[in-house]
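Colleague: One structure coming up, written as structure tokens, with questions to follow.
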Amino acid sequence: MRLRGHDVLIQAFTLPHHRKVSQADWEKYAGKAGYTKNQGFYVYRERRLIIHGTWFGLARQTEATKLSRVRIDTPRELDQHWKIDVKKASAQLPPELRDHLRSLVERIGATSKRVYTYRGRIITDDKRLPVWNRVQQAGEIRYRLNLEHPVLAQLIEDVAPSMAERIRDALELAAAALPIDALVVDLSGKPEEVSGAEISAEALRNVAITTYRQLSSATEAPEKRIIDMMSVIDPFRTRFQQVREMLADEFGWVDA
């Protein structure tokens with residue numbers, strides 16, 4: 001954009017979720033101060049970094065926006081407007097840029113938050129079959145077990161009504177007891193070390209077979225389509241080659 005007759009380059013970035021990069025890259029991108037403290041504007045004067053890790057009062061540094069970065073390159077002719085000192089070690093945001101950057105911060109902040117909330121949000125595309133639904137209602141966000149998930153639905157369907165009610169109560173208890181406070185603390189520290197419980201090979205096989213059968217019955221979709229659907233949902237997604245082999249063995253396929 002133009003400021004006082006000079007070009008100011010502004011580039012916004014959202015760093016990748018920790019599951020999308022290697023451990024080495026995740027630690028490298030964090031920097032010495034960590035993701036939360038390093039979020040914000042990075043102001044360069046003639047390609048030399050002057051100040052970084054600040055939102056200039058336009059937003060707070062939060063866990064939800066820790067992946068957001070904005071690079072600003074400004075020419076030396078604008079030093080007085082940025083109040084860049086003689087040592088080239090500090091700067092202040094020119095008033096003319098404040099409104100433009102405030103709207104930019106709001107947009108990229110929303111993008112950064114989506115990187116973390118995408119996996120848990122309530123899904124309108126039922127092909128993803130989440131085990132957990134993220135429900136936003138009346139200013140609150142709640143996580144609820146998806147009782148329409150093929151495995152849970154089959155479990156409830158296979159038992160007597162009185163037992164089905166007890167199963168629903170047990171699942172509701174588990175969802176209500178989700179350790180939110182502990183999760184917030186763990187994810188604000190080292191999210192790359194936080195993961196779901198391990199599932200045994202036998203349990204994975206049983207769940208995969210049940211899910212396949214339920215999807216086949218409910219959707220009447222072709223085999224390949226069901227396989228594609230299962231490849232993007234947990235817990236199959238991260239061990240899908242193993243799941244393919246299990247399904248091939250169960251149903252006698254040459255290639256799942």
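Colleague: Is one or more of the residues making up segment 150-157 more than 23 Å from ARG237 (Cα to Cα) and part of a helix (DSSP H, G or I)?
Modeller: yes
Colleague: Answer yes or no as to whether GLU27 is of a type in the set (Asp, Glu), part of a loop (DSSP other than H, G, I, E, B), closer than 25 Å to GLY189 by Cβ and modelled with pLDDT under 90.
Modeller: Answer is no for this residue.
Colleague: Okay, moving on. For ALA153, which of the numbered conditions (1) more than 30 Å from ALA24 (Cβ to Cβ); (2) among the small types (Gly, Ala, Ser); (3) at pLDDT below 85; (4) loosely packed, with under 13 Cβ neighbours inside 10 Å fails to hold?
Modeller: All conditions are met except number (4).
Colleague: Of the residues LEU58, LEU93, LEU97, which single one is under 30 Å from VAL185 (Cβ atoms), in the same structural domain as ILE10 (by TED's automatic domain parsing) and buried (at least 18 other Cβ atoms within 10 Å of the Cβ)?
Modeller: LEU58
Colleague: Residue pairs, Cβ under 7 Å, 6 or more apart or interchain, first in segment 43-65 and in a loop (DSSP other than H, G, I, E, B), second acidic (Asp, Glu). List them.
Modeller: Pairs that qualify, where the first residue is in a loop (DSSP other than H, G, I, E, B) and the partner is acidic (Asp, Glu), are ARG47/ASP73.
Colleague: Continuing with the same structure: Scan segment 158-179 for residues that are within 24 Å of the chain's Cα centre (by Cα) and not in a helix (DSSP H, G or I) and jot them down.
Modeller: Within segment 158-179, ALA177, LEU178, PRO179 meet the criteria.
Colleague: When you look at THR74, is it within 30 Å of THR238 (Cβ to Cβ) and crowded, with 19+ Cβ neighbours inside 10 Å, yes or no?
Modeller: So THR74 fails the test.
Colleague: For segment 225-256, enumerate the residues that are of a type in the set (Phe, Trp, Tyr), more than 25 Å from the chain's Cα centre (by Cα) and part of a helix (DSSP H, G or I).
Modeller: Correct list: PHE251 only.
Colleague: Restricting to segment 69-89, name every residue that is of a type in the set (D, E, K, R), in a loop (DSSP other than H, G, I, E, B) and in contact (Cβ under 8 Å) with a residue 40 or more places away in the chain.
Modeller: LYS88
The values are calculated or read from the model by the stated rules, or taken from the named source; none is laboratory data. Computed from a predicted model, the values in this text were never measured in an experiment. Quick reminder, even Gly has a Cβ in these numbers, built from the backbone with ideal geometry, and neighbours come from all protein chains shown.
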